[in-house]
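Below: the structure, in structure tokens.
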Amino acid sequence: MIFNRRGKLADRVAAVEAAVRDRDGAAMTRAAPRVWEAAQQASVAELDEALPRCVALLPRLGTGAGGQFSVLCGALVELGARPDTLVAPVADGFATALAGAARFRAGWQRVRGDDALPDPEDPGSMDESVGVLTEAYETEEAAFDAVQGWYAAGTWAMPAITLLQQSAAVRATFPHRDRLLAAGAELAGERPDLDCVLGLLRVLDGERLLVLHRATGRGWWVTVGGVADNFQLNTLLAGALSGPAERGLVEGLTVDPAWVAVATDAPEERFGGTVVGSFNLVDGYGKWIWNEGAPADIPPFEGVRVVVLDPPPYQRSWNNIRRFPMMPASLAVTGALDPAEAADWLARVAPPA
């Protein structure tokens, strides 16, 4: 069957609009999957027309149903729709859900103490949760809002993950960023499903790092953007700094161009394989910079994040992938320190712990 005839996607969106207008949950359940079915065959122009109409429904659907429908909105962006209209509603919905989730945890602990919190991906536990939260709050409405937040936070996180991978501009202007990070961090122990979105909210863009190579006494200023974790940072640093000594670079490194390509923006399915690390990364205080962490974890040293490159104490390797495949990364060497300046910095940073 061919779905891309003109108006097919628009007609499917109209059916969802009618279901929302009529408050017909059964019709909504039938209509939403049909939007996705048609969207996969639609042109970018049709997607651009459909997304704002879908976004306009989110406030009317509330935290729970809105979170579920926001996942479809995010999928339209992944298919090529312009993300602009979706950013603020998703940030608002996610912030509301996280606030409700925090109230849910507080209320649950007040009634149940240390009993395990319910699985937010198990809708079958919602009825029990409403009963527990009704004991914790004065009104059923307050209890229901908290329950909705607990169960919907993960669905609102999904389109946020899509949007935050679109561009540095989206990440820089994402509404409620600090509030979302703070609320998410408080729930992180109980909500591993929020790890990805919290990681994206902490991505550094346009951040200047000072990189020092202890063995050669050289140093460089580099600017990073879209780097999800320190595996990726390690790979990109090796790619940028590998080269002949007469050009002020580090000789003797083994760097496969495919590693750097995937760490930047190449599709990992074209290359795959394993990256072999060239360095042990150390911060200005002498502490190891673990690959499992992120550039945002590197503490400022005298006002700048410092990365000292030491030889790896043992061979480290990792899969040739990006944690967030839709997010391109960059690492540019923007200047080299003169020998005296590099020596001064190396004298001030701590030796490796």
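The values are calculated or read from the model by the stated rules, or taken from the named source; none is laboratory data. Being a predicted model, the structure only gives us computed values, none of them experimental. Note that each Cβ is placed from the backbone with ideal geometry, even for glycine, and that neighbours are counted across all protein chains shown. These accessible areas exclude ligands, DNA and RNA; they are computed on the full protein's heavy atoms, side chains included. Shrake-Rupley method; radii C 1.70, N 1.55, O 1.52, S 1.80 Å.
Tabulated values for the structure
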{"item": "Residue 186 open to solvent by 40 Å² or more (accessible area, probe 1.4 Å), touching a residue at least 24 places away in the same chain (Cβ under 8 Å), closer than 25 Å to residue 115 by Cβ and touching a helix residue (DSSP H, G or I) at 6+ places or on another chain (Cβ under 8 Å)", "result": "yes"}
{"item": "Helices (runs of 4 or more DSSP H) fully within the stretch 88-178 counting 1 or more residues that are at pLDDT below 95", "result": "126-136, 140-164"}
{"item": "Residue in the stretch 39-50 that is closer than 30 Å to residue 137 by Cα, buried (at least 16 other Cβ atoms within 10 Å of the Cβ) and within 25 Å of the chain's Cα centre (by Cα) present", "result": "no"}
{"item": "Options 306, 282; residue that is buried (at least 17 other Cβ atoms within 10 Å of the Cβ), in contact with a Pro (Cβ under 6 Å, 6 or more places away or on another chain) and among the aliphatic types (A, V, I, L, M)", "result": "282"}
{"item": "Selection within the stretch 179-192 - farther than 16 Å from residue 296 by Cβ and in a helix (DSSP H, G or I)", "result": "179, 183, 186, 187, 192"}
{"item": "Where residue 7 falls short, out of the listed (1) at pLDDT below 95; (2) open to solvent by 30 Å² or more (accessible area, probe 1.4 Å)", "result": "(2)"}
{"item": "Members of the stretch 197-236 found to be among the small types (Gly, Ala, Ser), over 18 Å from residue 327 (Cβ atoms) and in a strand (DSSP E or B), listed by number", "result": "219"}
{"item": "Matching residues, the stretch 189-215, being touching a strand residue (DSSP E or B) at 6+ places or on another chain (Cβ under 7 Å) and either open to solvent by 60 Å² or more (accessible area, probe 1.4 Å) or aliphatic (A, V, I, L, M) (or both)", "result": "204, 206, 208, 209, 210, 211, 212, 214"}
{"item": "Condition met for residue 77 (open to solvent by 10 Å² or more (accessible area, probe 1.4 Å), within 17 Å of residue 55 (Cβ to Cβ), aliphatic (A, V, I, L, M) and assigned to a helix (DSSP H, G or I))", "result": "no"}
{"item": "Tally of residues being open to solvent by 10 Å² or more (accessible area, probe 1.4 Å), in contact with a helix residue (DSSP H, G or I) (Cβ under 8 Å, 6 or more places away or on another chain) and polar (S, T, N, Q) across the stretch 216-231", "result": "1"}
{"item": "Residue tally, condition under 19 Å from residue 164 (Cα atoms) and either charged (D, E, K, R) or touching a strand residue (DSSP E or B) at 6+ places or on another chain (Cβ under 8 Å) (or both), over the stretch 298-328", "result": "2"}
{"item": "Filtered residues of the stretch 44-74 (kept if over 19 Å from residue 15 (Cβ atoms) and either in contact (Cβ under 8 Å) with a residue 60 or more places away in the chain or outside any helix (DSSP H, G or I) (or both))", "result": "62, 63, 64, 67, 74"}
{"item": "Residue 71 vs. criteria more than 30 Å from residue 99 (Cβ to Cβ), β-branched (Val, Ile, Thr) and open to solvent by 30 Å² or more (accessible area, probe 1.4 Å)", "result": "no"}
{"item": "Which numbered condition residue 271 misses (of (1) of a type in the set (A, V, I, L, M, F, W, C); (2) open to solvent by 40 Å² or more (accessible area, probe 1.4 Å); (3) within 23 Å of residue 345 (Cβ to Cβ))", "result": "(3)"}
